[in-house]
1. Between a first residue in segment 222-236 that is at pLDDT 90 or above and outside any helix (DSSP H, G or I) and a second residue that is surrounded by fewer than 16 Cβ atoms within 10 Å (Cβ to Cβ) and of a type in the set (Gly, Ala, Ser), which pairs have beta carbons less than 8 Å apart while being 6 or more apart in sequence or on different chains?
2. Search segment 230-267 for residues being over 15 Å from PHE284 (Cβ atoms) and among the polar types (S, T, N, Q), and hand back the single one that is surrounded by the most Cβ atoms within 10 Å (Cβ to Cβ).
3. Go through segment 176-190 and give me each residue that's out of contact with any helix residue (DSSP H, G or I) (no Cβ under 8 Å at 6 or more places or on another chain), modelled with pLDDT of 80 or more and part of a loop (DSSP other than H, G, I, E, B).
4. I'd like the full set of residues that are closer than 18 Å to THR130 by Cα and of a type in the set (Val, Ile, Thr), limited to segment 69-102.
5. Somewhere in segment 97-110, is a residue closer than 30 Å to TYR242 by Cα and of a type outside the set (Asp, Glu)?
6. Would you mind finding the one in ILE105, ILE38 that is out of contact with any Lys or Arg (no Cβ under 6 Å at 6 or more places or on another chain), more than 22 Å from TRP131 (Cα to Cα), modelled with pLDDT of 90 or more and of a type outside the set (Ser, Thr, Tyr)?
7. ALA250 versus (1) of a type in the set (Gly, Ala, Ser); (2) over 20 Å from THR36 (Cα atoms); (3) touching a Cys at 6+ places or on another chain (Cβ under 9 Å): which is the lone unmet condition?
8. Answer yes or no: is there a residue in segment 73-95 that is crowded, with 16+ Cβ neighbours inside 10 Å, of a type in the set (Val, Ile, Thr), more than 30 Å from PHE243 (Cα to Cα) and in contact (Cβ under 8 Å) with a residue 24 or more places away in the chain.
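The values are calculated or read from the model by the stated rules, or taken from the named source; none is laboratory data. Here the structure is a predicted model, which is why all the values come from computation and not from measurement. With ideal geometry, Cβ positions are generated from the backbone for all residues, glycine too; neighbour counts draw on all protein chains shown.
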Amino acid sequence: MTLGGAVGLVLGSLTTPYGVVGTLERSRETAEACSTYILEWLSPFDPSILRVWSFAIQWPIAGLIGAISVVLLVRWWVVSVGSGSVDNRFAIISSIATLALPLAIAGEFALRFLGASILLLMPIWGVAITWVAHRARQRANALATNHRFKESATRWTQTSSWRNVLTIVMALLLPFAIWLSLSMHARPAELGAIESLPSGCRLFTTDSIAGPTILIRPDVPVWFDGRADYYGRQRLVDADAYFHGVGNTAAPPGATCAIFPALTEANKRPGVTARLNADPQWRFVATIASNDVWLRVS
């Protein structure tokens, strides 16, 4: 069943209107178009990621976890099959790994796959950690009575101590989780700014704001929404220039409205804000929900 599922997954992924060759070619073209501009298509070990300290902490570690998981899981498979330990646990882990392993391997080349692979690997890591905990408890119980670490080892390899620790952690984190769930309500932070736009205006904004705009305001076409396979690399290049305020104009030709995050320490695009404010063809309307809104006046 696992083998059949794996084959079906591969064939299903390649059964598209483009055909097998076309699908692979489109994937390659998309990766090339996004290179250096869209983070998710980069390798977690790409030098450009390592230059940003927050990314250097997050993605290489995630990539390393994925690589270690693949190596350990393949080794466990070989040992289990060789020893004849093909039981129910083997079947369950193999079924999960049918999805997790291809994503983990792909994540070493494009980090967009890492998140899904790590989520799928969590149950497998849970089984592995349980096995390690069981072995640790056996080792602790086997220590001599007068061993200096006997009492500590026995206490911290039993479930009661960790049950108390996890209960305290959950009690501390639960209020924040409840607050976030009640405050967001799956409403995009840019909702107010998007709703303020006049009908039919052509929006110039970031891809993260363009996405909810397409859903909330279908009457407002966007200049760019992050679909690199649709727009192509040149649109990414142009967008980067406009966002940094070094384009030929303040906004792309044809744009009649604009939304960008208000200037804060977290706003990485002050160039476009300064350019729009300095251009007499654009009028600043208001700051709505931490987002600046402009309309073209001529």
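1. From residues that are at pLDDT 90 or above and outside any helix (DSSP H, G or I), the pairs are TRP223/GLY254.
2. ASN267
3. If the condition is that a residue be out of contact with any helix residue (DSSP H, G or I) (no Cβ under 8 Å at 6 or more places or on another chain), modelled with pLDDT of 80 or more and part of a loop (DSSP other than H, G, I, E, B), then ALA189 is the only one that fits.
4. Selection gives ILE92, ILE93, ILE96.
5. Looking only at segment 97-110, we keep the residues that are closer than 30 Å to TYR242 by Cα, and these are 109-110.
Filter again for of a type outside the set (Asp, Glu), leaving 109-110.
For segment 97-110, residues closer than 30 Å to TYR242 by Cα and of a type outside the set (Asp, Glu): present.
6. On the way: ILE38 fails: modelled with pLDDT of 90 or more.
Only one candidate qualifies: ILE105.
7. Exception for ALA250: condition (3).
8. Step one: of segment 73-95, the residues crowded, with 16+ Cβ neighbours inside 10 Å are 73, 76-77, 80, 93-94.
Narrowing further to those that are of a type in the set (Val, Ile, Thr): 93.
Okay, now just the ones that are also more than 30 Å from PHE243 (Cα to Cα), so 93.
Add one more test, that the residue is in contact (Cβ under 8 Å) with a residue 24 or more places away in the chain, and what stays is 93.
There is at least one residue in segment 73-95 that is crowded, with 16+ Cβ neighbours inside 10 Å, of a type in the set (Val, Ile, Thr), more than 30 Å from PHE243 (Cα to Cα) and in contact (Cβ under 8 Å) with a residue 24 or more places away in the chain.
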